Amino acid sequence: MIKSLSPNAQKVQDILAELGFSAKVIEMPDSTRTAVDAARACGCTVGQIVKSLIFKTSVSAKPVLVETSGANRVDEEKVAEILGESVLKADAEYVRQVSGYVIGGVAPVGHHKPMIVLIDEDLMQYEEIWAAAGTPRAVFKLTPQELKAMTGGRVAKVKL
């Protein structure tokens, strides 16, 4: 018997299919909330995990999604230089409000609000990467090029 996906994971699966991507969402038995947990569950390096971090621009209050390598920390000053205004770390309520997901489960697609998307250039070195799929236990495998295509994101230097 095939186990059905949880509602948020199924939402991500449906959006991926609608966008023309063949990635398959997998729900893991253990948490994939942190990059280390996700790498262990997926059998890959921490660098191959896509951390989806949400910020808010300080003046225009626009949501910003930074897709960074699990091995990296985001340099908010570099993000501010790229965007032309400073950014603030988003709290859990703001993350849920703009994305529809909880921290640790933010997918690169299917957000409630349109977002500015920046992609860590370090992700581009990998053949395959893993991203969250709507819950802290759901993930899917993709290529860096697919991440760029599905998000419309700009590849940039964002690491600390």
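Assorted remarks:
- Taking one quarter of the surface of the convex hull spanned by the alpha-carbon atoms of the stretch 13-54 gives a direction-averaged projected area of 3.7 nm².
- Amide proton proximity set for Val117, modelled H, under 5 Å, gap of 5+: Leu65, Arg154
- Hull-based mean projected area of the stretch 65-144, where the convex hull spans the alpha carbons, in square nanometres: 5.4 nm²
- For the stretch 55-160, the list of GluC sites (Glu not before Pro) that fall in a loop by DSSP and count at most 11 other C-beta atoms within 10 angstrom reads Glu127.
- For the chain, the convex hull spanned by the alpha carbon atoms encloses 102 Å³ per residue.
- Note on the chain: antiparallel DSSP beta bridges, both residues inside, total approximately 65 percent of the bridges counted.
- Couplings for the stretch 106-123, taken from phi via the Karplus curve 6.51 cos²θ - 1.76 cosθ + 1.60 with θ = phi - 60°, read 5, 7, x, 10, x, 7, 5, 10, x, 10, 6, 10, 10, 10, 4, 4, 5, 5 Hz in order; Gly and Pro are left as x.
- The helix-only estimate of mean residue ellipticity at 222 nm for the chain, built from DSSP H runs of length n ≥ 4 each weighted as -39500 (n - 2.57), is -7500 deg cm²/dmol after division by the residue total.
- Here the residues Arg73, Arg40, ranked from fewest to most Cβ neighbours within 10 Å of their Cβ, fall in the order Arg73, Arg40.
- The stretch 7-156: relative contact order in percent, alpha carbon pairs under 8 Å with at least 6 residues between: 28 percent
- Unsatisfied cross-links (Cα-Cα over 20 Å) in the set Lys62/Lys89; Lys24/Lys51; Lys24/Lys56; Lys56/Lys159; Lys51/Lys78: Lys24/Lys56
- Cα-based equivalent ellipsoid of the stretch 44-112: semi-axis lengths in Å, sorted from largest, via gyration tensor: 19, 17, 9
Computed from the coordinates by the stated procedures, all read-outs in this text should not be read as laboratory data. Predicted, not measured: the structure shown is a model, and the values here were computed from it. For neighbour counting, all protein chains shown are included, and Cβ atoms are generated from backbone atoms with ideal geometry for every residue, glycine included.
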